[in-house]
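Everything below concerns the one structure shown next.
The values are calculated or read from the model by the stated rules, or taken from the named source; none is laboratory data. Computed from a predicted model, the values in this text were never measured in an experiment. Ideal geometry is used to build each Cβ from the backbone, glycine not excepted, and the neighbour counts take in all protein chains shown. Heavy atoms of the whole protein, side chains included, go into the accessibility calculation; ligands, DNA and RNA do not. Shrake-Rupley method; radii C 1.70, N 1.55, O 1.52, S 1.80 Å.
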Amino acid sequence: MLCSKSPKIHRTSTAAVEPVLNNDDLFLEILIRLPIRSLLTFKSVSKRWLALISNPSFSRRRSISNPPIPSGIFLARPYPDSLAFDFVNLTANPSRAPFESLNFTYQEYGIVINQSCNGLLLCSSSYGNESKRDYYVHNPTTKHFTTLPKLQARKIFGLNLAFDPLRSSDYKVICVRNSDSFKNNYEIEIYSSRSGPWRPCQGVFSAPSSMRFDSGVYWNSAVHWIDAWENCLYFDLREEKLHELPMPRVPDGWEERRVEYFGSCGGNLHLIENYKPQDLEFNVYEMKDDHSGWFVKYRVDLHCVSVAFPEIVPSEEDMEFGFIPKFSVITIVDGIEVGEESYLVLQIFEKIVRVNVESGSFERLVGTDNGGGISQVNGFFEQVEAYLYIESLVCV
């Protein structure tokens, strides 16, 4: 009896599901709720499923329904293994590292990461000066990449990736290069995934030679650059104009700005300046949406962390010779869900530690007392190059 009824049950279930699967609107409502790893698998089910999941509008719709959060961090290994990466999981359901080294296309001397931005990586060949390298935009989730057009043979001071999946499935790359007119004069060129080749914009502008054009941070439709000595800038991509970026006042007695962290994650731009690293306390600033100034978002106290990791406390010799601080902030992740804590990810020598901002609780993510973490040179603290990984379906 059971066997004779099974086909009937199966036919009834199939008949109930078919109207949903055949209706694109209903089917998409189901798909946007699935994990990205499942969606990548479902691409191979049929041409129709592939077309629906690969459509740029689906990627943007899913990003709006599921705000992108970092699921891991790529850590560049030190020389001589500098083309390989370790991977730190940040999620409750750990996943395999998308790669250990970048080999999505052939490069005789390997490929390096220049920047990460909301799920995409700006990469380049590792050999040669900046103007002669090959540049790529790579999606490590889908394994797809695009090769950027060649740049003119002039000195490049920085390339910055601009991508916000909540606004558009398109991305831009901003190149700051020297101008032939005067010293410390610069020009900006933009590559757009929508319109194609490099094009000049903004015109010639002047800036201090110490401006970190190679470390721009994209947030709120603008790329932001900081300088330890003089005024900071941001380039508004909607207006295609430069503006001065307001910064907190440097305390009396200090000539330069002591920036510990400057980055964006979870839709906010954060800044940490640390003028008393021996105190193990600092403010986390957040930029106002209209770029009018900063406000203190968090007050962080690492004294509890120092009990478990006493190496974070600088010695008198460290203070005398300027070997401070003994840690670095890799990223700040704001809690999105109700009741979800915001947290910092710290590097403490060879260890990677997560510190919850509100409660002060912490856990070690990478590293052991006997090594097994990040290599350090001669016992001195050396900051690791780190790049956020966010799963994304966007086409490049």
Of the residues ARG249, ARG194, ARG257, ARG199, which is without any contact (Cβ under 8 Å) to a residue 60 or more places away in the chain, in a strand (DSSP E or B) and either among the charged types (D, E, K, R) or surrounded by fewer than 16 Cβ atoms within 10 Å (Cβ to Cβ) (or both)? ARG199
Qualifying positions in the stretch 34-69 - charged (D, E, K, R) and outside any helix (DSSP H, G or I): LYS43
Number of the condition not met by SER169 [criteria: (1) farther than 26 Å from SER392 by Cβ; (2) among the small types (Gly, Ala, Ser); (3) touching a residue at least 24 places away in the same chain (Cβ under 8 Å)]: (1)
Which residues, counting only those in the stretch 260-291, are surrounded by fewer than 16 Cβ atoms within 10 Å (Cβ to Cβ) and within 18 Å of ASP227 (Cα to Cα)? TYR275
Residue match in the stretch 319-338 (condition: of a type in the set (Asp, Glu) and open to solvent by 40 Å² or more (accessible area, probe 1.4 Å)): yes
Checking the structure you have, find out if any residue of the stretch 86-94 is farther than 28 Å from TYR343 by Cβ and not aromatic (Phe, Trp, Tyr). no
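Yes/no per residue for (1) within 19 Å of the chain's Cα centre (by Cα); (2) surrounded by fewer than 16 Cβ atoms within 10 Å (Cβ to Cβ):
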site	(1), (2)
LYS47	no, yes
LEU50	no, yes
ILE53	no, no
PRO70	yes, no
Scan of the stretch 170-179 for residues that are of a type outside the set (D, E, K, R) and either in a strand (DSSP E or B) or open to solvent by 30 Å² or more (accessible area, probe 1.4 Å) (or both), ordered by number: TYR171, VAL173, ILE174, CYS175, VAL176, ASN178
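Would you check which residues across the stretch 140-169 are of a type in the set (S, T, N, Q) and buried (at least 23 other Cβ atoms within 10 Å of the Cβ) and list them? Spell out how you get there, then give the answer.
Going residue by residue through the stretch 140-169, those that are of a type in the set (S, T, N, Q) are 141-142, 146-147, 152, 160, 168-169.
The answer is ASN160, and nothing else.
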Evaluation of ILE113 against (1) of a type in the set (Val, Ile, Thr); (2) within 25 Å of LEU393 (Cβ to Cβ); (3) more than 14 Å from the chain's Cα centre (by Cα) (one fails), failing number: (3)
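Scan the strands (runs of 3 or more DSSP E) fully inside the stretch 285-383 and keep the ones with 2 or more residues being more than 21 Å from the chain's Cα centre (by Cα) and at pLDDT 95 or above. Full working, then the answer.
Values: elements: 294-301, 328-333, 343-348, 351-356, 362-366.
Strands (runs of 3 or more DSSP E) meeting the threshold: 294-301.
Do we find a residue being exposed (fewer than 12 other Cβ atoms within 10 Å of the Cβ) and under 24 Å from SER116 (Cα atoms) anywhere in the stretch 225-238? It would help to see each step written out before you state the result.
Initial filter on the stretch 225-238 (exposed (fewer than 12 other Cβ atoms within 10 Å of the Cβ)): 238.
Of the ones still in play, those that are also under 24 Å from SER116 (Cα atoms) are 238.
Yes, the conditions are met somewhere in the stretch 225-238.
Mind listing whichever residues of the stretch 83-98 are touching a residue at least 12 places away in the same chain (Cβ under 8 Å) and either closer than 12 Å to ILE111 by Cα or of a type in the set (A, V, I, L, M, F, W, C) (or both)? Lay out the reasoning, then the answer.
We begin by selecting, within the stretch 83-98, every residue touching a residue at least 12 places away in the same chain (Cβ under 8 Å); these are 83-91, 95, 97-98.
Within the stretch 83-98, LEU83, ALA84, PHE85, PHE87, VAL88, LEU90, ALA97 meet the criteria.
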The number of residues in the stretch 123-164 that are part of a helix (DSSP H, G or I) and touching a strand residue (DSSP E or B) at 6+ places or on another chain (Cβ under 8 Å) is 2
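Considering only residues that are among the small types (Gly, Ala, Ser), in contact with a strand residue (DSSP E or B) (Cβ under 7 Å, 6 or more places away or on another chain) and part of a loop (DSSP other than H, G, I, E, B), look in the stretch 70-94 and name the one that is modelled with the highest pLDDT. So that I can check it myself, show each step before the final result.
The first filter runs over the stretch 70-94 and keeps only residues among the small types (Gly, Ala, Ser), leaving 71-72, 76, 82, 84, 92.
If we keep only those that are in contact with a strand residue (DSSP E or B) (Cβ under 7 Å, 6 or more places away or on another chain) as well, we get 71-72, 76, 82, 84.
Narrowing further to those that are part of a loop (DSSP other than H, G, I, E, B): 71, 82.
On the way: SER71: 90, SER82: 77.
My answer is SER71.
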